[in-house]
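Peer 1: The structure's right below; bear with me while I get my questions together.
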Amino acid sequence: MVKSKAKLNNLHISSKKVRLVADAIRGLDVVSALAKLPVTFKKSAPVIEKLLKSAVANAVDKYNVKEEDLKIKSIVVNKAMDLKRWKPAAFGRAHPFRKASSHVEIVLETKEGVKVTTKEKVKKEIETVDLTKTDKKPSSKTDDKKIASNTGKKSLKESTAGVAKDNSKVKKG
């Protein structure tokens, strides 16, 4: 018997309302539970359906079993942290109220007599490059700044004249 889990934390529906749907599918096989949830007219039904599909996907991925070979072993709904809010009342007053949340956990197991094989994960080797070892010698930062500051700058006279004169062609003396 192989177990597979899926958890949902901080669902913003009260645990009392979620338990109504959870009690309806507890102990059923996965196929009948997935058929029953879309016709259940409750706010938490699509959420539990998505969580059940996630648990099935976990089992199929990890243990290579079919969806028909799984059943719901347990579904647990716990109370989560409440959000404290205020409701405006008459004469400038406010009344506190709490918005309830819940945690849901589904545990699936295989049916009796089902053979299960564990999938072996192939770990891929990733080629890494050591960036600390380079062929160049590290140059000083001041040399880089001097080179960067000299390139692309014109003197004030050259920029105002519009055409830059080439000083190498001018004869001296």
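Peer 1: Of LYS16/LYS42; LYS7/LYS119; LYS42/LYS87, which sit over 19 Å apart, Cα to Cα?
Peer 2: From the list (LYS16/LYS42; LYS7/LYS119; LYS42/LYS87), the Cα-Cα distance tops 19 Å for LYS7/LYS119; LYS42/LYS87.
Peer 1: For the stretch 3-110, what is the convex hull volume of the alpha-carbon atoms per residue, in Å³?
Peer 2: Once divided by residue count, the hull of the stretch 3-110 is 90 Å³.
Peer 1: Of ALA35, ALA89, SER14, which is farthest towards the positive pole of the stretch 3-110's charge dipole, taken about the Cα centre with +1 and -1 on the beta-carbons of Lys, Arg and Asp, Glu respectively?
Peer 2: It is ALA89, whose Cα lies furthest towards the positive end.
Peer 1: Let me check I've understood the local charge: for SER74, count other residues with C-beta under 11 angstrom from its C-beta, Lys and Arg +1, Asp and Glu -1. What total comes out?
Peer 2: Once all neighbours under 11 Å are counted, the net charge is +3.
Peer 1: In percent, what relative contact order does the stretch 3-110 have, based on Cα pairs under 8 Å that are 6 or more apart in sequence?
Peer 2: 43 percent
Peer 1: R0 = 41 Å: FRET efficiency of LYS36 with LYS62, Cβ-based, nearest 0.05?
Peer 2: 0.95
Peer 1: If R0 is 41 Å, what FRET efficiency do you get for LYS111 and LYS84 from their C-beta distance, rounded to 0.05?
Peer 2: Here the calculated transfer efficiency is 0.35.
Peer 1: I'd like to know how the stretch 47-138 sits against the 2.2 N^0.38 Å rule of thumb: what's its Cα Rg over that expected value?
Peer 2: That ratio works out to 2.09.
Quick note: the coordinates plus some simple rules give every number you see, no bench work behind them. These numbers were taken from a predicted model, which means no experiment stands behind them. When we count neighbours, we look across all protein chains shown, and the Cβ atoms used for this are built from the backbone with ideal geometry, even at glycine.
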